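Read-outs throughout are calculated quantities, based only on the coordinates presented, and are distinct from any laboratory measurement. This one's a predicted model, so the numbers in the text were calculated from it and none came from an experiment. Reconstructed Cβ throughout: ideal geometry from the backbone, glycine too, with neighbour counts over all protein chains shown.
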There are 4 protein chains.
Amino acid sequence: MGNTFGQLFRITTWGESHGGGVGVVVDGCPPRLALTEDDIQPDLDRRRPGQSKITTPRKESDTVRILSGTFEGQTLGTPISMWVKNEDQRSDAYNEMATKFRPSHADYTYQTKYGIRAWPGGGRSSARETIGRVAAGAIARKLLRSRWGVEVLACVTQVQDLVATADVESVTAAQVESNIVRCPDAAMAERMIERIEQVRSEGDSVGGIVTGIARGLPVGWGSPVFDRLEADLAKAMLSLPATKGFEIGSGFAGVSLTGRQHNDAFRNVEGRVRTVTNRSGGVQGGISNGETVYFRVAFKPVATVMHEQDTVDSELNNTTLKGRGRHDPCVLPRAVPMVEAMTALVLVDHALRHTAQCVPSS
Amino acid sequence: MGNTFGQLFRITTWGESHGGGVGVVVDGCPPRLALTEDDIQPDLDRRRPGQSKITTPRKESDTVRILSGTFEGQTLGTPISMWVKNEDQRSDAYNEMATKFRPSHADYTYQTKYGIRAWPGGGRSSARETIGRVAAGAIARKLLRSRWGVEVLACVTQVQDLVATADVESVTAAQVESNIVRCPDAAMAERMIERIEQVRSEGDSVGGIVTGIARGLPVGWGSPVFDRLEADLAKAMLSLPATKGFEIGSGFAGVSLTGRQHNDAFRNVEGRVRTVTNRSGGVQGGISNGETVYFRVAFKPVATVMHEQDTVDSELNNTTLKGRGRHDPCVLPRAVPMVEAMTALVLVDHALRHTAQCVPSS
Amino acid sequence: MGNTFGQLFRITTWGESHGGGVGVVVDGCPPRLALTEDDIQPDLDRRRPGQSKITTPRKESDTVRILSGTFEGQTLGTPISMWVKNEDQRSDAYNEMATKFRPSHADYTYQTKYGIRAWPGGGRSSARETIGRVAAGAIARKLLRSRWGVEVLACVTQVQDLVATADVESVTAAQVESNIVRCPDAAMAERMIERIEQVRSEGDSVGGIVTGIARGLPVGWGSPVFDRLEADLAKAMLSLPATKGFEIGSGFAGVSLTGRQHNDAFRNVEGRVRTVTNRSGGVQGGISNGETVYFRVAFKPVATVMHEQDTVDSELNNTTLKGRGRHDPCVLPRAVPMVEAMTALVLVDHALRHTAQCVPSS
Amino acid sequence: MGNTFGQLFRITTWGESHGGGVGVVVDGCPPRLALTEDDIQPDLDRRRPGQSKITTPRKESDTVRILSGTFEGQTLGTPISMWVKNEDQRSDAYNEMATKFRPSHADYTYQTKYGIRAWPGGGRSSARETIGRVAAGAIARKLLRSRWGVEVLACVTQVQDLVATADVESVTAAQVESNIVRCPDAAMAERMIERIEQVRSEGDSVGGIVTGIARGLPVGWGSPVFDRLEADLAKAMLSLPATKGFEIGSGFAGVSLTGRQHNDAFRNVEGRVRTVTNRSGGVQGGISNGETVYFRVAFKPVATVMHEQDTVDSELNNTTLKGRGRHDPCVLPRAVPMVEAMTALVLVDHALRHTAQCVPSS
C-alpha cells in the first residue's frame, strides 16, 4: 500500500533496485496530448546517476520505454505504463547490507515491518523508486504547460551553510541548468561544487535546500480543508527520500513577524487582483491566488558515508559498518527534477479536480 | 471535495461558521471502544474561544453531541457522527466582509473559485471547521492509548521570537496545561503571555511554533513511498489553518550537518534496537523506528488585525479594511489540540493499515 | 468503513435506527445550485413508512434539515450535511431481537463481525440508512436535470409473479406516482396491490423487481475497465438492502440469443448516431452511447414474517422467533426512490469524472 | 481513470491490444507469500486464446514476467508488477475498424469519449485487458487459500439455452477442467461443445452463464452499507467485458417466493451456526455468514460475427461491416478464470479490511 499518488491524475510506482526494473502507471491523463519517450527522457537524464563529477559515478542509462497509453504519438486517455530496466545493479559493495542495518537508512524499519527485505541496493527504499515519479512528472509538466500555461521548476538554493540568492519570480530553467549543482546563483554554485567535492574527498556527505516554484497558476486551484494546495505539496515533498522539512511562502521565518508586517495587501493592478507582497506563497485558504507558488524543501545529508559507524546486525549484535561503493556525496542536484515532478503532479491533479467541481461544462 | 482525511480511520468534516453548526463523521473506528461525549468534550474545551485572557473573548460553548455509532457507551464499528451547534455566530462586525476581501484570508480565493461565499464569519474557512477534527482526534487518541499504548501530545515552543526549551522525551500533558499559552517551559510561558497581551493591545497579532510529539510507537507504522509517516504528518499539519511549515527530527537545521554528524547510530539496548541520537525524528524510510516521533509546525501571525489595510472589494476597486470584532491575537494555544488531533488521526490510520498488511492473522 | 459512495460526488451516510437520527454528508456538489429542503423532502416522503395502505403503518415524518453547505438558497461547493431525527424508534416488539437472530436478516453476521450490535430496530442494517442516500440522490437528480438534461426514474415492474408492461422510453414519473405500488401499468398495479394486501393478511411477504431508467445521457459517460457505468450501477443497486440481482439491457435473457440476433446495429438518424435496437441498455464498453440506460433490480421478499421460524439465540441455542410490530409486506414501492437515488449518484459522479478527464477546458 | 480495483489489495491494469503489452501492478499484497511466475501462468493459460478447438485459434503465448515485488521467491510487501508482451497483434483483418464502428462493441463510445482510439484489435477494450486481472487474481487466490483456507472457483453452467446441473457445494476444479467448455456436468458439456462448434460454422456466436463459487469463508467478511460483499462482487463481475447481469443466491428467481418460503432458518450444527437452506448465497446484510458464496453472471453473445451488419463509419455515413479474422464464437470457457480472479480480488480485499477494523491486534 501507499504506492499510489493523486486522485484524478493518479500514478502508481513499482520496482526495487534489484530485479526487473522500476516503473510507473499513470492513470487519468487526458487524451490527445502529444507524447513520446522524448518528452520523458530529458527529465530522467537530469535525475540519473553519473551525470556529473559531483554525483555518484554509477553508470545507469535509465532509458524509459512507454508500454501503453499512447497511439501514433498521442495519449489515449488510458493508463500510460512506463518502464526503466535495471542495469549494473548488484555489487559486492552491498553484501554486508544483507546482515547489517545501515544507520539512518530504511533497512531496520523495513526488515521489522515486513519480515523480509530486498537488501541489495536498498530495494524499494532505493532512490531508483523516484524514476517512476520523474517520468510521470514529465507528463504532468507538459500538460500544465500546454493546457494551462503553468511553468514548474526547481533549483538548489542551499548546500550545507552555503545559501544562494534566487528570485522566484524570474529564475529560469536555463539558469538552473547552467551548472552541475543546479543553482541559479552562479557565484554560489561554484562554491557549492567545491564544497561537495571536498566533502566527498573526506568520505562524508552534505544536505541542503531545494526551492520549488510554479508560475502562471489561475486563481482557484486547491481546496479549503484537508486537500489544501500547500498540504498536498507538503505531503508530496516529504514523500521524497531524505526530506526533513517543507515551508511555503514566509515559512518558519514568518513566525517572527506580526500580522501587520506579514499580511499581503490586495491591489487592483490593471484589472486583475494582485497582492503587493507574496508571503502567502501563492496560496490563501488552501487555494491558489494567482501569484507565484514557491516553497522550500530540506534534504538531510546523505546517510551513506565512507567511515565506520556504529550499528547492529540482523541478530541484534552491536557491530560497525562502513559505506562502500559509489554514492552521491550530496543528493541535491539530482533532487531538483524530483521536486519538479512532485510539484507538477500535485498541480495537475488539482487542476483536474477544479475542472470537475467548478468549471461550468458548457 | 477534499473534506475527507484518512483511509481506514476516515473522517469527513462539514459546516460553516454560519448555519446549523459544524460536525464530523468518523468511519472505520473499530467496535467496542468505550466512548461517550465525555471523551470528546475536554479536547473541544481546549480548542474553544473564550477559554483564557489571551484568546478571543467570543463565547462559544462548543458542546458536542454524538448522533450515531455508539450503543450503550461503546462504539459499534459504524460511522460516528458528531455535531456542534453554532451559537453567537453573526455579528455586525462581519458586514463589511460581504464586499471586501480580507488580506491574507481566504475570501478572495474562495469567491473566485466557487463564485459564491458564505461571508459571515469566514464560512468554511473559519477555524470552526477544526472542531470536527478535534472531536475525531479525541477518539483516535483514545484508541491509540488503549490499544497500542501510544501517547500523543503537543505544546507551544515558540511565540514570535520567544523560544521555549522543551524535551520531547519527557514533557507531560500536565506541564503543557499548566499555563494558558500551553508552553511547558514555565518561565518562557510567562513572557509569551505578556507578549501576546501586548500585541493585542496594539491591535496586532503574532504567530509561532507548535511541537508535536508521539511516544511509544512500535516499529513498523508507515509505508515506504508516498504514504511515509512524515509525509502524512506534513499533509495533516499543512491542512490546518494558518500553517506555513513543517519539519521532522533535525528538520531545516539538519542541512548544516554532514552525514557523519547527522546519522543516528544503532545500538542494542537491553535486547531492543535503539538509536543513540534521534535526528530522524522517529521515522526512517517512512516507517516508525520505535523512537519518539517529533516535529515542528509553523503558524503565521493571525491575519485579522485592528488596523486599516489595503485591499480590494468584490467590484475590484481598491479600498481599505480594518479588522473588527473579537479575534485571537495568537492562535497558538488553541492550535495545540488541533495538532494533537491531526497527529492522532495520521497514526491511527497507519496503525490500522499496518495491521491489514503486515500483522499475521494468527 | 464502507459508508462512503462515489469519487467526485461523494456521499457518506451515518446513523442507526436508534439514537440521534440518520444523515448524510455530500461532498463535491458544484457551487451555485439552487437548493433548499424543499428539493429533498418530496423524495424522502416517497421513501418513508406509513405513506400508503401497503407499506408499514409505522409513523415517521422523516423531516430533513440541511445543516451546512448552502447559503441564501444556493450550494457553496462545500459539504452538504443533512440530518433526519429518529422518532418512535424503539418498541417492545424488538426486545426479543436482543438475544435472537432473525432469519435472513443481518443480526447474526453483524454480531459476529463486530462483537456488538445495536439490536433495537436493526441498527445500521435498518432500511432507515437509505434516508441519507435518498436525500443525497435528490441533489444528484436535480443537478443531472439542470446541468445535463438527464432524467432519472424508476418503477415497479414485477411483484412476485405479477409482471407489468412498461416502455422504458416513454414511462413518466406521473404514471409511476399514479398508484401506491409505483407501477406504471395501471391494470397490473391493481393486481399487485391486491396481492400485497393478501400476503400481508397471511402474515407473509413478497419481493419483486424495480426497473431503473435514465434518459438523455450524452455519449461518453463511464469508463472502460473497472468503473464501467454498468459496473457502478450494479454495485449501487446491490448495495441496497434486500437486493439479489441486477441486469442491464438484455440481461440474463440475452444469453439465449445469438450474436446476430443480439447486436445493436448503428444508423445515422438525422445526423446523430443511434442504435436500431437497445439490447446494450445504453452502455457499450462501459460508456454511455446516448441511448436510454435501463436495468432491472431483484428484491427478495421481506425477511420479517408474522410466523414462528427456526433460529438460534446469542448463546447458540436452537429456538424460534416470530415477527412482531409493523413491517412492510413488500418493500418495492418504497424501493423506487432508493433506486432512483443510487442511479443519480452513479451518473452524476461519472459526469464529473468525464468533465475532469475529457472535456477540454478551452 | 477507473483502471484501479480494490482498496487494500489494489490492482491497476494497463495496456492495449497493440503496443508494448499488457500488465498489472498489485499493491497491498502481504509480505512473505511464496510467489513465482509458476503461480500465475496456469491461470493465464486457462484464459489465453488458442487453448482449444472452441476458442479463437489466435496464437498468443501470454507468458507472464514478474518485474518487481518479490525477492528470492517471496513477496516483499511492495508492488508486484507483472507484464505480458503483445505478440501477433495487428492484422489486416482489423483495417476496416479504423473507420467503421463495430456494432455492440466499444468503438463508437470510445471514439466519442476520448476523440482518439487505438483501433487495431480493440485497444483498451480488448479482452487482453483481463490478462492483468487474471494474473493478479492468481495471487489473491493463493493468498486466500494459504492464509484463510478459502477456495474460489467458477464454471460454465449455461450456453445459450443449454443449462447444466452443478452443485455449488461439491463441484471441484478437476471437474471443471475435465472438458474444454469448463462445465462440470459432463453430459451437458458435450452438448455445449457441439453447440459452439455449430454456431461457429454458421459464423455466429453465443453467450451463457458462469457460476462463481467461494467456499470456506469465515463469518464476518464484508460491510453493511455501500461495500456489501455482494455489491463489490456485482461491480467486479459487471466490470468484465460482455457481462449483462449478476445474481447472488436465489437471485431473480427468488422474487417469486414469499418470505416464509425464502428465509434461511438458522440451526446450531455441531456448535456452529448454520443455515438450513442457502438462498442468501452466503451473505446476509452484506457480510459473509459462513455458508458457500455463489452467484451467476450473464455473458452476452460475442459481438463479432462473420456476417455483414449495419453500422456507421467515422464520418457518420451508414455502411455495413463484416467480422473477419479469428474470434471466439463463445467467450464462456475463457471467462471462467476471469470470474475466479475477480471473485478472489474482492474477497481478499474484504479479508484485509476486516482484519484492519475488527481483528484485535494482540
* For label points placed 7 Å from Cα toward Cβ, what is the shortest-first list of nm distances from residue B:99 to its copies? -> 6.4, 7.1, 8.0
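Arrange the peptides B:165-176, A:25-36 so that the one whose residues have, on average, the most other Cβ atoms within 10 Å appears first.
A:25-36, B:165-176
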* Asked: Going by how many other Cβ atoms sit within 10 Å of their own, how do A:269, C:305, B:339 line up, fewest first?
  -> A:269, C:305, B:339
* Asked: For the charge dipole of region D:4-358, defined by +1 on Lys and Arg C-beta atoms and -1 on Asp and Glu C-beta atoms about the Cα centroid, which residue among D:178, D:217, D:163 has the Cα displaced farthest towards the positive pole?
  -> D:217
* Structure fact -> The answer for residue A:287, listing residues at least 5 apart or on another chain whose modeled amide H is closer than 5 Å to its amide H, is A:229
* Asked: Using a simple charge model, +1 on the beta-carbon of Lys and Arg, -1 on the beta-carbon of Asp and Glu, nothing else, what dipole does region A:278-362 show about its Cα centre, in debye to the nearest 20?
  -> 280
* Asked: For the protein assembly as shown, with equal point scatterers placed on the C-alpha atoms only and solvent neglected, what are the log10 I(q)/I(0) values from the Debye formula at q = 0.05 1/Å, to two decimals?
  -> -0.36
* To do: Report, in whole Å, the centroid distance computed from the Cα atoms of region B:63-89 and region C:172-197.
  => 41
* Shielding by partners for C:23-30, please: the mean number of other protein chain Cβ atoms within 10 Å of each residue's Cβ. => 6
* Least to most buried among B:213, A:193 (fewest other Cβ within 10 Å first) -> A:193, B:213
* Structure fact -> Taking the label point 7 Å from Cα along the Cα-Cβ vector, the copy-to-copy distances for residue B:360, listed from shortest in nm with one decimal, are 2.0, 5.9, 6.3
* Asked: Quick one: what does P(r) look like for region B:82-171 with 10 Å bins over all Cα pairs, in whole %?
  -> 12, 27, 27, 24, 10, 0
* Structure fact -> Here region B:249-260 yields Karplus 3J(HN,Hα) values (6.51, -1.76, 1.60; θ = phi - 60°; whole Hz; Gly and Pro given as x) of x, 5, x, 5, 5, x, 5, 7, 8, 8, x, 4
* To do: Report the Stokes-Einstein translational diffusion coefficient (µm² s⁻¹, integer) for chain C, Rh taken as the Kirkwood radius over Cα pairs, at 25 °C with viscosity 0.890 mPa s.
  => 114
* Asked: Straight-line reach from residue B:100: which lysines have a Cα under 28 Å away, not including same-chain ones fewer than 8 places off?
  -> B:59, B:85, B:113, B:244, B:300, B:322
* **Interchain or long-range residues, amide H under 5 Å from residue D:319's placed H** => D:311, D:312, D:313
* Cβ-based exposure ranking for A:142, B:59, in which fewest neighbours within 10 Å come first -> B:59, A:142
* How high is the FRET efficiency between residue A:268 and residue A:161 when r is their beta carbon distance and R₀ equals 60 Å, given to the nearest 0.05? -> 0.90
* Report the residue, chosen from C:44, C:144, C:316, that carries the largest GNM mean-square fluctuation when chain C is represented by alpha-carbon nodes joined by springs under 10 Å. => C:316
* Cβ-placed point charges (K, R +1; D, E -1), dipole of the protein assembly as shown about Cα centre in debye, nearest 20 -> 0
* Average other protein chain Cβ within 10 Å of Cβ, residues B:179-192 -> 0
* Asked: Which of the GluC sites (Glu not before Pro) found in region A:305-362 are loop residues per DSSP with 12 or fewer other Cβ atoms within 10 Å of their Cβ?
  -> A:315
* To do: Please average, across the residues of D:206-218, the number of beta carbons from any other chain that are within 10 Å of each residue's own beta carbon, and give a whole number.
  => 2
* Asked: At q = 0.19, 0.22, 0.26 Å⁻¹, what is the log10 ratio I(q)/I(0) for region A:176-239, with the Debye formula run over Cα points and no solvent?
  -> -0.85, -0.96, -1.12
* Could you give the dipole magnitude of chain D about its Cα centre, charging the beta-carbon of Lys and Arg +1 and that of Asp and Glu -1, in debye to the nearest 20? -> 500
* Take chain C, connect every pair of alpha-carbon atoms lying under 10 Å apart with a spring to form a Gaussian network, then pick out the residue of C:323, C:271, C:286 with the largest mean-square fluctuation. => C:271
* To do: Starting from a label point 7 Å past Cα on the Cβ side, list the distances from residue D:202 to the same position in the other copies, nm, shortest first.
  => 4.2, 8.6, 9.3
* Please report which chain A residue places its beta carbon nearest the axis carrying chain A onto chain C, with the distance rounded to a whole angstrom. => A:356, 2
* Counting pairs of alpha carbon atoms under 8 Å apart in space and at least six apart in sequence, what relative contact order in percent does chain A give? -> 22
